[in-house]
Amino acid sequence: MEVPHNLGKKKDVIPSIIRSIDDDEVIGFDDDLKRTNVLYELKETEGTKIECESSSVQRTPSISISMPASPMETHTKRVAFKDDNTNSPNRALRTPRMSRLRDERYNSFKTWSGKLERQISTLQGKPQSEPSVITPRRENLPASRYFDALEGPELETLRSSEDIILPEDKTWPFLLRYTISSFGICLGVSSQAIMWKNLATTAPTHFLHISLKVNLVLWCISVMLFVVVALTYLLKVIFYFEAVRREYYHPVRVNFFFAPWGALLFLAIGIPSKITTNLPHFLWYILMTPIFILELKIYGQWMSGGQRRLSKVANPVNHLSVVGNFVGALLGASMGLKEGPIFFFAVGVAHYTVLFVTLYQRLPTNETLPKELHPVFFLFVAGPSVASLAWAKINGSYDNASRIAYFIAMFLYFSLAVRISFFRGFKFSLAWWAYTFPMTGAAIATIRYATEVSNIFTKSMSIILSVIATLTVFALLITTILHAFVMRDLFPNDIAIAISERKPTNDTVRKWFHRRTGSTENDIEHYLKFANSNEKTVEVPEMVKDVESQHSLP
């Protein structure tokens with residue numbers, strides 16, 4: 001409403017929505033700017049202060065928006081805006097604090113949760129940042145949580161209905177991506193040292209004139225490789241213990257905790273004669289103690305039922321928890337021990353039989369292994385191969401029991417080798433190292449068998465299997481180095497350790513839909529059609545179906 005000065009009575013006119021006004025017409029408007037510009041610069045020239053008055057400062061034009069009165073109001077509202085491009089000398093450019101730009105989501109996996117970093121910043125005189133929000137920790141994640149959040153035979157793939165507590169769109173710190181399965185490299189290389197030691201010292205391959213220096217070189221390489229892998233994982237234990245703890249409670253990956261001790265057993269068996277010929281007995285007890293403790297935990301869970309029963313977690317990787325018994329028995333018998341090696345051999349035979357039957361029949365609860373995990377099928381060969389060597393050492397002769405174990409290993413070896421599809425069609429990963437020490441174990445067992453049954457066929461088999469195992473190990477070693485240091489894709493983000501402690505609620509799904517209303521049809525179907533822990537399919541909302549129908553229209 002406006003009141004013209006030339007009329008004596010009020011006249012109703014339609015107010016203009018936007019008009020230009022003087023800032024003096026609005027009470028309290030632009031007071032801050034006036035006070036700021038009254039005195040904005042002081043200069044000292046020969047002791048005289050020059051003061052710049054506000055009259056010399058150009059004012060910023062203002063705009064007033066007048067809105068018609070609403071039924072609930074009796075006066076006109078005016079909203080004033082001033083130009084955002086005003087350059088005030090006293091107005092400092094505000095930049096976001098660096099502490100807010102730092103991603104603190106990794107702190108929940110750090111051993112000290114970033115406290116050491118804050119103490120170092122304090123000693124350096126840096127201002128303290130706001131305290132980070134640390135994810136609360138449980139004592140352990142139950143196996144059911146891994147099965148609910150992950151899928152696949154090795155529980156490595158995140159379900160579409162789940163979230164992780166680490167950023168998916170960023171590359172995580174190296175130690176968080178470094179997994180316990182890296183010790184599989186040590187198993188493959190150290191087993192080669194044993195094989196070449198046998199090639200140089202046994203009668204069937206004596207005509208090859210292989211020097212023991214090959215065994216010495218391979219053993220030294222194995223030791224250096226084990227030191228590097230072990231020290232790197234030790235750093236992970238020190239700085240990211242939470243990630244290590246989650247690996248340990250993972251129903252499938254816990255089997256890889258046998259790998260470090262198995263690699264040490266291989267190094268002890270393949271030690272060159274130039275270094276020593278007699279190992280002390282206490283070394284065997286030191287190496288077998290952690291294996292025994294791990295077996296008490298895992299074998300007990302296989303029998304006790306629950307989410308960690310064998311029928312639920314059965315996977316070829318479980319052979320790693322069994323092979324250690326036979327390798328330990330072989331080392332103990334080589335040292336002259338009797339009762340200890342027989343004990344571990346008996347435990348290994350019992351649990352290998354149960355595991356073999358469970359994996360062979362493939363219960364309906366077990367998923368079929370994808371192509372990427374086909375190499376782990378060769379772990380079937382490792383158990384009976386080493387068992388034939390161990391029993392021959394315990395018994396003192398290569399009797400029928402050793403032959404039975406060897407023939408089982410050879411049948412499994414050739415039944416897998418003739419399947420060409422097992423060796424193609426999948427991307428390289430650390431799982432390929434599952435080819436190595438089972439192949440090497442089969443070659444060593446064949447060399448031992450050739451000493452008892454010496455003919456052209458057994459000698460040829462010894463050489464052929466040894467060459468195949470050697471080429472496989474060195475090809476994988478070179479490929480691993482290229483992927484680790486050149487392509488730098490050997491260790492992707494380890495999704496399995498970053499699952500949330502609780503299952504997301506249905507509200508999370510609804511919020512996600514509102515955030516992604518512009519998604520494609522495939523995205524909507526992928527994220528909204530999933531099965532929850534009760535194996536119930538979530539229905540797609542009607543509005544989603546409308547979006548799908550719109551995409552299908554020409």
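The values are calculated or read from the model by the stated rules, or taken from the named source; none is laboratory data. Source: prediction; values computed, not measured. Neighbour counts run over all protein chains shown; Cβ positions are idealised from the backbone, glycine included. Quick note on the areas: whole protein, heavy atoms, side chains included, nothing else; ligands and nucleic acids left out. Shrake-Rupley method; radii C 1.70, N 1.55, O 1.52, S 1.80 Å.
Remarks
- Evaluation of W284 against (1) closer than 23 Å to W302 by Cα; (2) hydrophobic (A, V, I, L, M, F, W, C); (3) open to solvent by less than 10 Å² (accessible area, probe 1.4 Å) (one fails), failing number: (1)
- Selected residue (only one of A230, A259 is in a helix (DSSP H, G or I) and either of a type in the set (K, R) or in contact (Cβ under 8 Å) with a residue 60 or more places away in the chain (or both)): A259
- Tally, over the stretch 178-196, of residues that are at pLDDT below 95 and open to solvent by 40 Å² or more (accessible area, probe 1.4 Å): 0
- Total residues in the stretch 154-177, condition outside any helix (DSSP H, G or I), open to solvent by 30 Å² or more (accessible area, probe 1.4 Å) and not charged (D, E, K, R): 6
- Answer residue from the stretch 454-508, given it is in a helix (DSSP H, G or I) and charged (D, E, K, R) and is modelled with the highest pLDDT among those: K459
- Matching residues in the stretch 179-206 - criterion: being in contact with a Phe, Trp or Tyr (Cβ under 6 Å, 6 or more places away or on another chain) and among the hydroxyl-bearing types (S, T, Y): S181, S190, S191
- Only one entry in I291, I298 is of a type in the set (V, I, T), surrounded by 19 or more Cβ atoms within 10 Å (Cβ to Cβ), part of a helix (DSSP H, G or I) and modelled with pLDDT under 95, namely I298.
- Here the condition is being surrounded by 21 or more Cβ atoms within 10 Å (Cβ to Cβ) and without any contact (Cβ under 8 Å) to a residue 60 or more places away in the chain; of T446, T440, it holds for T446 alone.
- Residue match in the stretch 268-279 (condition: in a helix (DSSP H, G or I), under 29 Å from Y233 (Cα atoms), in contact (Cβ under 8 Å) with a residue 24 or more places away in the chain and open to solvent by 20 Å² or more (accessible area, probe 1.4 Å)): yes
- For F207, the test of being part of a helix (DSSP H, G or I), surrounded by fewer than 16 Cβ atoms within 10 Å (Cβ to Cβ) and not small (G, A, S) is passed.
- Test result for L331, in contact with a Leu (Cβ under 8 Å, 6 or more places away or on another chain) and closer than 23 Å to F377 by Cβ: no
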